[in-house]
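The values are calculated or read from the model by the stated rules, or taken from the named source; none is laboratory data. What you see is a predicted model; the values in this text were computed from it and never measured. Don't worry about glycine lacking a Cβ; one is built from the backbone with ideal geometry, like all the others, and counts go over all protein chains shown. Keep in mind that these areas ignore ligands, DNA and RNA; they rest on the heavy atoms of the full protein, side chains included. Shrake-Rupley method; radii C 1.70, N 1.55, O 1.52, S 1.80 Å.
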Amino acid sequence: MQRAVLVLALVLGVSGTNVPEWIIGALRASQIPVTEKCQQQFDEFFANFSMDQNSWALQMVDATAKIPSGLLSLNFGEMGDFQQCINVEASTGAGTILGKYCLGYLAVQNTTSSAHEEMLRASSLGNFGTDESGMSLAPLWAICLPDGCTTDDANVVGNLLLANITGNEIGVGFSDSLCQTVKEVNPPLTGGAIATIVILALLLSTVVLSTLYDMFCIFYGQKSCPMLVKGFSAYTNTTKLFKMTTSTPDQLPCLNGLKCLSMVWVVAGHQFSVPMNGSITNSKYMLEWTENLYSMFLVSGTLSVDTFFTIGGALMSYGYMKARCKNTPFNLFLYYLHRYLRLTAPLALVVLVSATLLKYMGSGPKWPFAIMSFQEYCADNWWSALLYVQNYVNVTNMCVGQTWYLNIDFQLYLISPAVFYALWKYPKLCLSFLVLCVLGFIAGSFYVAWANDLTAILTNLYGNSYNYQNKYYLLTHTRSAPWVIGIILGYFIFKIKQKEITLKLNRIVVWVMWGVCFGTLLACVLGGHSTLRGEEYDRWGNAFHIALVRPAWSLAICWVILACTNDYGAPINWVLSLPIYQVLNRFTYSIYLTHVTMLYMITFDRKWPDYFSNFNMAYQFWGTLWYSAGLSYLLILMTESPVIIIEKMLFGSFSKKKQPKKDVESGVDNAAFEK
């Protein structure tokens, strides 16, 4: 008994051989107000304790979190030894005892202390313990108990131990969702999981068999395989994926570079932000990092989304005008069907896996958050994800959360035919209307920010990120200005390509425009860092920043596209138009669908705290990028490529000619135009 108490004292950071009497009194099971079963198992715990490394009681003690070093660096992510705790299994007089790992969060009871203020600042970053909604609360602490103890028992034992160390300064809170035994870590397969495994096996088998048959036809049969077989063939599709072609005058090759680099920026931003939801050993450095100016280059990665909105609007507008100029009839049904199939086929597979298999793909102290925030949301709200409405429906419980962008994109796509028709028939009137729409969206964003006290800078630790997300960032009516600006750009590019508008600029004007462009981009990325991050809220500054930063960014991107497509881009156009982007850009959609879930899986699967540094995050970024590229390759083979072939077969029955190959490769969506 004395040895057990001594080890438990060391667990809590008590040194020396003179163990205080409060530990002996506090840890005697008969004196702790716990449930009867928990008390019986505690009796077995003390009766069977020894310093033998095979002692299950010693393993439980050893697995419980200790007071870590580096507290002055805000090392509050101590999680004990998860794997050792859940591996405990012992046959005793009270029956079989399993190790029960409970992860809780610490809370400073004295809200006036400086320690409390520092903990609040740190916890707002996403590090430390989280409640069931995933919101960060406080530093972590874990305890390993016999499985007969309930969550209430864990709270009693944990708070009793801490109270005798800190008085009433610090308490701990455990929840049912974060208490796990080996049964929760290794659950049996559900019917949905089995069905998903069968579907994945069938898809992979189809890819393998189609590839073998296709290669036999090419190398031995001297004949062409059926189109559907080629659609699933890894050989044929890989050849297409890595094929590079020479651009034609009516294409916009610089868009490939812009899209690819924007997706890299998205992944980099998530690589730095998502691990903050895990456990970090040096949270003080992380706080300092958010206050450095260079952190804005990653925090402002959200602007890459506005690049995609601008490019999307420009491509659709340009493609529509080009097709109408050739007098090709427009099929509204095919226009919508094409878009829905292309977006939904890979998304549906990601949703299916997220809704059924995610719980079996990892484990760890914080793995229940992956189940709650990803699997359960998809199991309940898969329909709103596939209907592209969850930025307004189930906003707080999104399935595959990053697809909020797809929701906005698809909703704008639904209204685009009316906009394009008006632009074709009544260009002057429609252009004026579109400009008014941009101004209206800016005014609406200003009002939302003003009325809800939204903070413009995401690293403002004193802001309300919940309202920022749900009342501004995720909504179509506050994020549409860049898309409309892109439509206007696409129209003018079409007119310039048709020689209806002449764009002749002298060298000085071009240099001035590039200077304004780069200055605007830099201001959008860095602006507000030193003025909008204080404890005192600047309503005017935040509202103006939120209203103007994204339209301003979009206008600067418009100049990049306009200059590059009219021979005013010089080396910038050369870089953005490199043929390699044709290959890389074919992976961007699938990378977008998979990388966030993968990052959270890595974060919540960790059994030990991570170390935050620029080098470490950059190193992990390359692993994330290429690992997600590998997943996207499989996703493309199983969904995107087959759907393209099915589309061609389907659209061939509606039209006399296929969609022009050049248009497909350039990204101009003409699938809805009959030849």
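Would the range 490-506 turn up any residue that is closer than 28 Å to Ser373 by Cα and of a type in the set (Asp, Glu)? No, there is no match, as no residue in the range 490-506 is closer than 28 Å to Ser373 by Cα and of a type in the set (Asp, Glu). Once the range 151-209 is narrowed to residues that are hydrophobic (A, V, I, L, M, F, W, C), within 18 Å of Ala355 (Cβ to Cβ) and crowded, with 17+ Cβ neighbours inside 10 Å, the residue that is nearest to the chain's Cα centre (by Cα) is Ala193. In the range 162-184, of all residues being in contact with a strand residue (DSSP E or B) (Cβ under 8 Å, 6 or more places away or on another chain) and in a helix (DSSP H, G or I), the one that is modelled with the lowest pLDDT corresponds to Ala163.
Can you name every residue in the range 231-252 that is open to solvent by 40 Å² or more (accessible area, probe 1.4 Å), outside any helix (DSSP H, G or I) and not hydroxyl-bearing (Ser, Thr, Tyr)? Answer for the range 231-252, where residues must be open to solvent by 40 Å² or more (accessible area, probe 1.4 Å), outside any helix (DSSP H, G or I) and not hydroxyl-bearing (Ser, Thr, Tyr): Phe242, Lys243, Met244, Pro249, Asp250. Sub-7 Å Cβ pairs linking a first residue in the range 413-427 that is in contact (Cβ under 8 Å) with a residue 12 or more places away in the chain and assigned to a helix (DSSP H, G or I) to a second residue that is aromatic (Phe, Trp, Tyr) and open to solvent by less than 80 Å² (accessible area, probe 1.4 Å), at least 6 apart or interchain, are Pro417/Tyr335; Phe420/Tyr320; Leu423/Tyr491, ordered by first then second residue.
Exactly one residue out of Val525, Val509 is more than 30 Å from Asn460 (Cα to Cα), part of a helix (DSSP H, G or I) and of a type in the set (A, V, I, L, M): that is Val509. Considering Leu315, Leu343, Leu255, the condition of being crowded, with 20+ Cβ neighbours inside 10 Å and under 23 Å from the mean Cα position of the chain (by Cα) is satisfied by Leu343 alone.
Filtering the range 555-571 to residues that are touching a helix residue (DSSP H, G or I) at 6+ places or on another chain (Cβ under 9 Å) and open to solvent by 50 Å² or more (accessible area, probe 1.4 Å) leaves Leu555, Asp567, Ala570.
Quick check, is Ala552 among the aliphatic types (A, V, I, L, M), out of contact with any helix residue (DSSP H, G or I) (no Cβ under 8 Å at 6 or more places or on another chain) and open to solvent by 10 Å² or more (accessible area, probe 1.4 Å)? Spelling it out, it is not the case that Ala552 is among the aliphatic types (A, V, I, L, M), out of contact with any helix residue (DSSP H, G or I) (no Cβ under 8 Å at 6 or more places or on another chain) and open to solvent by 10 Å² or more (accessible area, probe 1.4 Å).
Residue-level analysis places Leu228 outside the set of residues that are closer than 30 Å to Ala379 by Cα and open to solvent by 70 Å² or more (accessible area, probe 1.4 Å). Taking the conditions (1) surrounded by fewer than 16 Cβ atoms within 10 Å (Cβ to Cβ); (2) closer than 30 Å to Cys399 by Cα; (3) polar (S, T, N, Q) in turn, Gln469 satisfies each one other than (1). Can you find, within the range 79-93, the residue that is farthest from Phe42 (Cα to Cα) among those that are open to solvent by less than 40 Å² (accessible area, probe 1.4 Å) and in a loop (DSSP other than H, G, I, E, B)? This residue is Met79. Taking helices (runs of 4 or more DSSP H) as the structural unit, those lying wholly within the range 258-326 and holding at least 2 residues that are under 23 Å from Arg550 (Cβ atoms) correspond to 296-299, 303-325. Might you check whether a residue that is outside any helix (DSSP H, G or I) and open to solvent by less than 30 Å² (accessible area, probe 1.4 Å) occurs anywhere in the range 591-609? So far as the range 591-609 goes, no, none of its residues is outside any helix (DSSP H, G or I) and open to solvent by less than 30 Å² (accessible area, probe 1.4 Å).
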